[in-house]
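The values are calculated or read from the model by the stated rules, or taken from the named source; none is laboratory data. Everything quoted here is computed from the prediction, not taken from an experiment. Counting neighbours? That spans all protein chains shown, and the Cβs are built from the backbone with ideal geometry, glycine included.
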Amino acid sequence: MVDLTVFWFMLPVCIGIATLAMLTGIGGTAMLTPLLILGFPLFGLPILTPGEAIGMALLTEFFGFTSGLIGYHRARLIDYNVGKKLLVVSIPTIIVFSLLSQSIPITVLLAAYGIMMAILASYILITAAGNVRNRELTTLPKSAERIPRKAESIVERVIHARNGQVYKYKVCDQRRGFLITGVGAAMTGLISVGLGELVMPNLVKRCKIPIAVSAATSVFIIAITVLVGSIVAIFALAQQGGLESIPWGLVLYTAPGAAIGGQIGAKWQGKFSSHIMERVIGILFAVIAVAFLSRTVLALM
């Protein structure tokens, strides 16, 4: 029988994580997975394997992004044409790497997570001044304008938003976009983080797609991709230990917490300095990287 009292504290925790994720555009799994893997043992809570933690984090992220996806769909800001093309790459990639994450040795996963977080911390801290994830921006940052357009399509895309705003642009050649999306999906399937941090900057900086449309389209891509990844992870866990091996008592609190936090973050969007928020996230990721790499060294010793 599922104990419904063990993980009650994860409701407010996930509300906070999802709110911060929505404010910064950074995937909430980047903060949730370290808590599940490193934090739970410190407080004497049930220990999750990396595979269980990654699967639960992906499922939680899906619920958080779904609320945003519904809002963007109603606002008519999603470029489904671009999104579907990138999903052709992200879906099969996350399926393969979600399955791999269940069989890779724990020390390898810990090391991979630490290295990835170190890379993301460096990337965020270096590019914070040219942030492209602030959905309230109406013009492209200078950092995006400096990147030349690559092989734009001849046909112009036109998005008619519900508020009457019309967005016109020509999508750039997506060969590099496919590679970037594939790398992000692989890392997301393997360690639950990467896709959200790579997709939107690619759409904004390389393709010069308006920020509002890029944000909406990236949420569409991430939501569908992490849903597939979480289903694959849950299926793999069930195959190994049955449905009772899945921590449903955890999902009971993380899923609604992510949905609530997503709504709060959307309402607070633009009220905090995106530059400061990204600096804070970059430093947090650096601390997480050190923690995971230290844990890896200890495991090897």
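Numbers below:
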| item | result |
| --- | --- |
| Unique residue being under 16 Å from the mean Cα position of the chain (by Cα), modelled with pLDDT of 85 or more and under 20 Å from residue 29 (Cβ atoms) when the list is 99, 120, 86 | 86 |
| Residue list for the range 77-103, restricted to those being surrounded by 15 or more Cβ atoms within 10 Å (Cβ to Cβ) and in a loop (DSSP other than H, G, I, E, B) | 77, 78, 79, 102 |
| Flag for residue 229 being modelled with pLDDT of 85 or more, under 13 Å from the mean Cα position of the chain (by Cα), crowded, with 21+ Cβ neighbours inside 10 Å and within 28 Å of residue 28 (Cβ to Cβ) | yes |
| Residue 66 in a helix (DSSP H, G or I), closer than 21 Å to residue 21 by Cβ, among the polar types (S, T, N, Q) and out of contact with any Pro (no Cβ under 7 Å at 6 or more places or on another chain) | yes |
| Contacts under 7 angstrom Cβ, first residue in the range 38-60 being of a type in the set (Asp, Glu), partner surrounded by 13 or more Cβ atoms within 10 Å (Cβ to Cβ), 6 or more apart | 52/237; 52/247 |
| The one condition in (1) modelled with pLDDT of 85 or more; (2) closer than 24 Å to residue 46 by Cβ that residue 240 fails to fulfil | (1) |
| Flag for residue 164 being surrounded by 13 or more Cβ atoms within 10 Å (Cβ to Cβ), at pLDDT 65 or above and of a type in the set (Gly, Ala, Ser) | no |
| Pair list, Cβ under 8 Å, 6 or more apart: the range 165-188 residue in contact (Cβ under 8 Å) with a residue 60 or more places away in the chain, other residue loosely packed, with under 15 Cβ neighbours inside 10 Å and of a type in the set (Ser, Thr, Tyr) | 171/153 |
| Long-range neighbours under 9 Å by Cβ, at least six apart or interchain, first residue of a type in the set (D, E, K, R) within the range 278-300, second part of a helix (DSSP H, G or I) and crowded, with 20+ Cβ neighbours inside 10 Å | 278/24; 278/124; 279/124; 295/37; 295/110; 295/114 |
| Residue ID - nearest to residue 282 (Cα to Cα), chosen from residues in the range 14-63 that are part of a helix (DSSP H, G or I) and hydroxyl-bearing (Ser, Thr, Tyr) | 24 |
